[in-house]
1. Quick one: would you say A:N121 is touching a residue at least 60 places away in the same chain (Cβ under 8 Å), crowded, with 18+ Cβ neighbours inside 10 Å, within 14 Å of chain B (Cβ to nearest Cβ) and not aliphatic (A, V, I, L, M)?
2. Kindly indicate the residue of the range A:105-140 that is out of contact with any Ser or Thr (no Cβ under 9 Å at 6 or more places or on another chain) and of a type in the set (A, V, I, L, M) and also farthest from A:A152 (Cα to Cα) among those meeting that condition.
3. Are any residues in the range B:65-85 farther than 29 Å from A:G155 by Cβ and in contact (Cβ under 8 Å) with a residue 40 or more places away in the chain, and if so, which ones?
4. Only one of these is open to solvent by 20 Å² or more (accessible area, probe 1.4 Å) and either modelled with pLDDT under 95 or of a type in the set (A, V, I, L, M) (or both): B:I65, B:I23, B:I54, B:I39. Name it.
5. Out of the residues in the range A:157-167 that are at the interface with another protein chain (Cβ under 10 Å from one of its Cβ atoms) and in contact with a helix residue (DSSP H, G or I) (Cβ under 9 Å, 6 or more places away or on another chain), which is farthest from A:G30 (Cα to Cα)?
6. Please go through (1) in contact with a Pro (Cβ under 6 Å, 6 or more places away or on another chain); (2) open to solvent by 10 Å² or more (accessible area, probe 1.4 Å) for A:S7 and return the number of the only condition it doesn't satisfy.
7. Can you pull out the residues in the range A:85-118 that are open to solvent by 10 Å² or more (accessible area, probe 1.4 Å) and within 14 Å of another protein chain (Cβ to nearest Cβ)?
8. Among the candidates A:L133, A:L145, A:L154, which residue alone is more than 10 Å from chain B (Cβ to nearest Cβ), of a type outside the set (D, E, K, R) and over 25 Å from A:Q53 (Cα atoms)?
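The values are calculated or read from the model by the stated rules, or taken from the named source; none is laboratory data. Bear in mind that the values here come from a model prediction, so they are computed numbers and not experimental data. Neighbour counts are summed over all protein chains in view; Cβ atoms, including those assigned to glycine, are modelled from backbone coordinates with ideal geometry. These accessible areas exclude ligands, DNA and RNA; they are computed on the full protein's heavy atoms, side chains included. Shrake-Rupley method; radii C 1.70, N 1.55, O 1.52, S 1.80 Å.
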Protein chains: 2
Amino acid sequence: MESSGVSIRPYQEQDWASVWAIIRPVFRAGETYAYAPDISEQEANSAWIEKPQITFVAYGGDSEILGTYYLKPNQPTLGAHVCNCGYIVAEQARGRGVASMMCAHSQGEAVARGYRAMQYNLVVATNEIAVQLWKKHGFEIIGTLPKSFRHARLGYVDAHVMYKLLV
Amino acid sequence: MESSGVSIRPYQEQDWASVWAIIRPVFRAGETYAYAPDISEQEANSAWIEKPQITFVAYGGDSEILGTYYLKPNQPTLGAHVCNCGYIVAEQARGRGVASMMCAHSQGEAVARGYRAMQYNLVVATNEIAVQLWKKHGFEIIGTLPKSFRHARLGYVDAHVMYKLLV
């Protein structure tokens, strides 16, 4: 998948240093993902690489990694036709449509793998750019969980459950 | 906690045979929990006993185990102030208010352990008795996930996200 010089491919082991450099500041900030802000590199690898079914990276013309996303079933067997993804774009690559590309790519991957829907479990309501972007990609706010996210700067804030039927 | 001769205490290892006998037919039916209907005893033990923070059993005057529930954080660190519970009542004990007692008990336990809210992620919409019971206990349907549960008899059905602020 390519657009504006950005491509997407599956994660490979040698990508870890670049991926960790991208996801670390986002986890450290504690504003969008529920992982511990002081998460260790090993725990982050487990969460982003090992536990998901597959992880992808977005890269530019010079092969520099610009973003990453994971894809996994959201529930066990009888709920495993609904997948879950998480996306992170490198700070220096924001505003280039990388998140949008990854979201579109993930939907194609999900359908190819037999998933019938995609669910985001905890979209922090203060992360308005993400909420708008997922809406643009056809996701609906199914509901809002009051004070379900402990934002590192703002304290307890609401988070949305977002969902899209893919087939 | 006691009411109508039913009490609740923490699960102990020697309870496993009784607990498995209660949860097995519910998992096998594939109508309310997402676990594989052919889940192995070991996988069930992992899901119901090992992974949760704590599991409880409800028992009658003769010490017979009538029901069980687990309690665990629903998300990692920045979402870990919201807990998740699952409840199952023995077939022969239905209609005695055991689920209601366990729901009330779990809310007390959750508050005592510092949780601020409780979330049910996938309440199968066709399980109307459960939906009504959780509503009676103050849970709200935050939203409904279309076709998110593959019901063993009915195929793809909707499921609710239910939530209650505890503090």
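1. No: the conditions fail for A:N121.
2. The extreme case among them is A:A112.
3. At the first step, the residues of the range B:65-85 found to be farther than 29 Å from A:G155 by Cβ are B:65-69.
Hits for the range B:65-85 are B:I65, B:L66, B:G67, B:T68.
4. The match here is B:I54.
5. Only one residue tops the list, namely A:V167.
6. (1)
7. Passing the criteria: A:G114, A:Y115, A:R116.
8. A:L154
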